[in-house]
Amino acid sequence: MTHDTHLGGTFQLADDLVVNRLGFGAMQLAGPGVFGPPRDRDEALAVLREAVALGINHIDTSDFYGPHVTNQIIREALSPYPESLCIVTKVGATRDEKGGWPHARSPKDIREAIDRNLENLGLDALDVVNLRIGGGNDGHSHVEGSLEEPFTALAELQREGKIKHLGVSTVSAEQIKEAQSVAPIVCVQNFYNVAHREDDELIDALAHEGIAYVPYFPLGGFSPLQAGELDAVAERRGVGSMAVAIAWLLQRSPNILLIPGTSSVAHLRENVAGAALVLSQSDLEELDRIGG
Ligand SMILES: NC(=O)c1ccc[n+]([C@@H]2O[C@H](COP(=O)([O-])OP(=O)(O)OC[C@H]3O[C@@H](n4cnc5c(N)ncnc54)[C@H](OP(=O)(O)O)[C@@H]3O)[C@@H](O)[C@H]2O)c1
């Protein structure tokens with residue numbers, strides 16, 4: 001399989017929205033544990049400016065990163081925003097004094113979260129908002145249950161013009177269907193990478209519907225991926241292991257959009273280089289052994 005290797009090619013996220021498939025996840029720009037200010041604010045600003053300079057036009061964030069910190073850094077680094085930049089945010093959680101992530105999804109919570117995102121990003125309308133539902137004990141599993149009330153609240157804010165497009169996160173296939181019975185969605189953001197492939201079937205089903213699948217923790221998240229197969233392919237191809245993890249996701253399905261996170265300009269450049277790597281059939285077969 002081949003793809004346009006400049007940032008993985010493009011994807012039509014919505015009628016009025018085309019993004020490069022390699023984007024950037026801003027969560028790592030807050031302080032340790034995604035709480036408080038970054039260790040190196042200048043580097044955080046530099047990462048965002050370099051991302052846009054390299055052609056990245058899809059940034060994932062939330063006002064609960066920091067809280068507020070990540071959005072404020074994005075605004076400082078990039079506002080006034082380039083016309084082509086798509087900022088995707090998420091609601092449905094808050095932070096407690098211990099740095100936990102309790103749910104916050106009453107209609108009032110949702111409305112307040114949208115207003116905080118608009119204010120801290122300095123925008124009149126948000127391009128895409130994901131409603132984050134699950135979490136569970138591990139922080140990233142689906143938790144069954146209805147999302148109708150919070151998703152209806154989000155759809156109401158879309159009708160008011162505060163949001164252009166909707167998505168859902170940390171959800172099951174049933175919850176995606178329930179959301180679609182309320183309003184159209186353009187993306188699903190769930191935990192997935194070369195070593196965690198529980199959503200394989202879901203990705204194919206969403207591709208069929210033209211809906212983007214945006215894996216979070218594409219590089220393993222707080223514990224970066226480690227696998228002998230990843231290292232072996234990386235060594236053979238003369239790149240870093242994270243570049244291979246990125247290339248694998250881009251080749252897995254054309255509806256996958258990537259938002260790898262980093263707090264380092266050097267890592268950002270490596271990740272962008274990873275999008276240009278085209279894996280061979282034997283590389284893919286070797287990497288397929290990781291999941292099984
Ligand atoms: N919807 C949700 O519930 C949800 C949950 C989690 C995350 N997200 C989103 O998904 C995005 C991606 O997830 P993530 O940032 O947590 O995890 P990730 O992209 O899987 O991995 C980030 C980690 O990999 C390291 N890294 C990045 N590039 C590297 C490279 N080239 N070489 C070596 N290490 C590298 C980073 O450290 P350095 O900083 O040192 O580079 C960081 O520790 C987040 O930024 C956030 O926007 C969404």
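Here the dipole of segment 21-291 is about 520 debye; that uses its Cα centre as origin and unit charges on the Cβ of Lys and Arg (positive) and Asp and Glu (negative). Among beta bridges from DSSP that stay inside segment 54-183, the antiparallel ones total about 15%.
With everything on Cα atoms, drop me the angle between helix 107-121 and the longest principal axis of the chain, reported from 0 to 90° to the nearest 10. Between helix and principal axis, roughly 60 degrees. The calculated 222 nm mean residue ellipticity attributable to helices in the chain amounts to -12000 deg cm²/dmol, summing -39500 (n - 2.57) over DSSP H runs of n ≥ 4 and dividing by all residues. For the chain, the longest principal axis of the C-alpha atoms and the axis of helix 265-274 are separated by about 60°. Under a Gaussian network description of the chain, with springs only between Cα atoms under 10 Å, the residue in 121, 45, 29 that fluctuates furthest is 45.
Partners of residue 108 within straight-line reach, counting lysines whose Cα lies under 19 Å from its Cα and excluding those fewer than 8 residues away in the same chain: 90, 162. For the chain, set up a Gaussian network in which alpha carbons nearer than 10 Å are linked by springs, and say which option among 205, 30, 155 fluctuates the most. Looking only at 205, 30, 155, the largest GNM fluctuation is found for 205. The residue list 122, 93, 205 was ranked by how far each Cα lies along the charge dipole of the chain toward its positive end, using unit charges on Cβ atoms, and 122 comes out on top. The alpha carbon centroids of segment 254-292 and segment 24-57 are separated by 20 Å.
Of the Cα atoms belonging to the chain, the radius of gyration and Dmax stand at 17.9, 53 Å. Relative to the dominant Cα principal axis of the chain, helix 148-159 is inclined by about 80°. Beta-bridge orientation, segment 1-123: approximately 45 percent antiparallel, per DSSP, counting only bridges with both partners inside. Taking the DSSP bridge list for segment 21-291 and keeping only pairs wholly inside it, about 10 percent are antiparallel.
Values in this text are rule-based calculations from the coordinates and carry no lab data. Predicted model only: the values in this text are computed from it and were never measured. Positions of Cβ are backbone-derived with ideal geometry, glycine not excepted, and every protein chain shown enters the neighbour counts.
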